[in-house]
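Take a look at the structure below.
We did not get these values from a lab; they are worked out from the coordinates using the rules stated. Owing to the predicted nature of the structure, the values given are computational and were not obtained by experimental measurement. Backbone-built Cβ (ideal geometry, glycine too); neighbour counts: all protein chains shown.
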Amino acid sequence: MAKFNENFLELKESYLFSEVAKRVSTYKENHPEADVIRLGIGDVTLPLGRTVIEAMHSAADEMGMSETFRGYGPEQGYDFLRQAIAVHYRSFGVELDEDEIFVSDGAKSDTGNITDLFSRDNTVLIPDPVYPVYVDTNTMNGRNIVYINGTAENDFLPMPDRNVHADIIYICSPNNPTGACYNREQLREWVDYALENDAVILFDSAYETFVSDDSLPHSIYEIEGAKSCAVEFCSLSKTAGFTGTRCGYTIVPKFITSVSSEGVTMSLNKMWNRRQCTKFNGVPYVIQRAAAAVFTDEGQKETKAMTSLYMENARIISDTLSELGIRFTGGINSPYIWFECPFGMNSWEFFDYLLEKAEVVGTPGAGFGKNGDNWFRLTAFNDRKNTEEAMKRLKALFA
């Protein structure tokens, strides 16, 4: 008999967003007339920008002619896109070699896939609350996970504890789910901690485009020393509406090394390149041309316009919560708003209450960890009309 990976038995029975979808589906089956507004799962609603669509059409036409047809592309990504990403990083003062940039189908995939490069014996440090993929992928591999507490008292921005050793550290900033964002001084502490512990930071910056405060970093590589200890993941999903198109990129600096048990120096960059060549055939050419268009001047204008519309939704949600006297974080440099459940409810109780009484869907904080038990996440990714109507319904619950 084939033996299965018993670490899967340690996972929660249902993935958070699958459970949310199941409850909403059941409610709609029982109430077919319901006008449900979804502010839960972070999918976007605005269409792709004109510049992106034109680039995609042009690339599709190329694929229909023998002179310009392309088959398998480079697993690391086409040079034209890697160059565009490198130029983007220069805009906030970070210099990258193109062979440190790897194009992928999204940050979610790579934050899980990167675990292939690390021994099972590593101790993983993960904040709570946290994006579930970080926990689940390491649980699948049977690694020891140590949690650090994000709470209202520390603004959901936990800092390193020098009494705790970790080998792998997950940081997401701006954070999903809490919307909190580390400043430069705080990231400096995390980089110092990683260097002291010979640890690697897995830094998820999928929401960097929403950072509007010039004093806040867009990349961990804005912190000196980070290239020796940090891998960075980014995505065009929320940046440019690529949730259904799938394109992101991972930065693996050449400075991150370790020594094997036999004294051989191992390069994380070379290992990731080898892993991708073995397990990944690359992002389609048409998608990469569309992604490159995001980084043109016109593409950046369109992206910023999209971001502004979502952040206005975030302002509407934040203003409503402030008016109702509900404690929250996020909504300023992040499209996520994380608030304390009202009426003394826990997060799943409030989820059902909000769905049944207001026909509004959010995400229960308990799905992100024990510190989210009494907290709730809303997203700014619906359209303006629905966001305003959802907040009108929320206010009615307090009338």
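Quick rundown of the values:
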{"item": "Y353-E19 FRET efficiency (beta carbon distance; Förster radius 22 Å; 0.05 resolution)", "result": "0.85"}
{"item": "Where labels lie 7 Å past Cα in the beta-carbon direction, separation of E312 and D383 in nm", "result": "1.4 nm"}
{"item": "Inter-site label distance for E10 and S91 at 7 Å from Cα along Cβ, in nm", "result": "4.1 nm"}
{"item": "Which listed pairs, of K227/K304; K12/K370; K108/K270; K28/K238; K270/K301, have C-alpha distances above 25 Å, in listed order", "result": "K227/K304; K28/K238; K270/K301"}
{"item": "Student exercise, the range 19-109 dipole from Lys, Arg, Asp, Glu Cβ charges, in Debye to nearest 20", "result": "500 debye"}
{"item": "DSSP-assigned coil residues among GluC sites (Glu not before Pro) in the range 182-275, each with at most 14 further Cβ atoms within 10 Å", "result": "E224, E262"}
{"item": "Of N122, N269, N313, the one that fluctuates the most in a GNM where the chain has Cα springs shorter than 10 Å", "result": "N122"}
{"item": "Fewest-first ranking of Y310, Y285, using other Cβ atoms within 10 Å as the exposure measure", "result": "Y285, Y310"}
{"item": "The chain, relative contact order in percent, only Cα pairs under 8 angstrom and at least six apart counted", "result": "23 percent"}
{"item": "Placed amide H near M63: partners under 5 Å, 5+ positions off or other chain", "result": "none"}
{"item": "Extension reserve of the K395-F255 stretch, reckoned as 0.36 nm per residue once the Cα distance is removed", "result": "45.2 nm"}
{"item": "Euclidean distance between Cα centres, the range 252-319 to the range 110-133, Å", "result": "17 Å"}
{"item": "Residues W338, W190, sorted so that the one with the fewest Cβ neighbours within 10 Å comes first", "result": "W190, W338"}
{"item": "For peptides 101-114, 46-59, sequence by mean Cβ density within 10 Å, most packed first", "result": "101-114, 46-59"}
{"item": "Förster-model FRET efficiency, 30 Å R0, S58 and K279, C-beta, rounded to 0.05", "result": "0.50"}
{"item": "Fully extended contour minus Cα-Cα distance, from N154 to M345, at 0.36 nm per residue", "result": "66.5 nm"}
{"item": "Shape of the chain, Cα gyration tensor, a/c cut at 1.5", "result": "oblate"}
{"item": "The chain - charge dipole about Cα centre, Lys and Arg +1 at Cβ, Asp and Glu -1, debye rounded to 20", "result": "560 debye"}
{"item": "Residue order, fewest to most beta carbons within 10 Å, for R377, R162, R38, R275", "result": "R162, R275, R38, R377"}
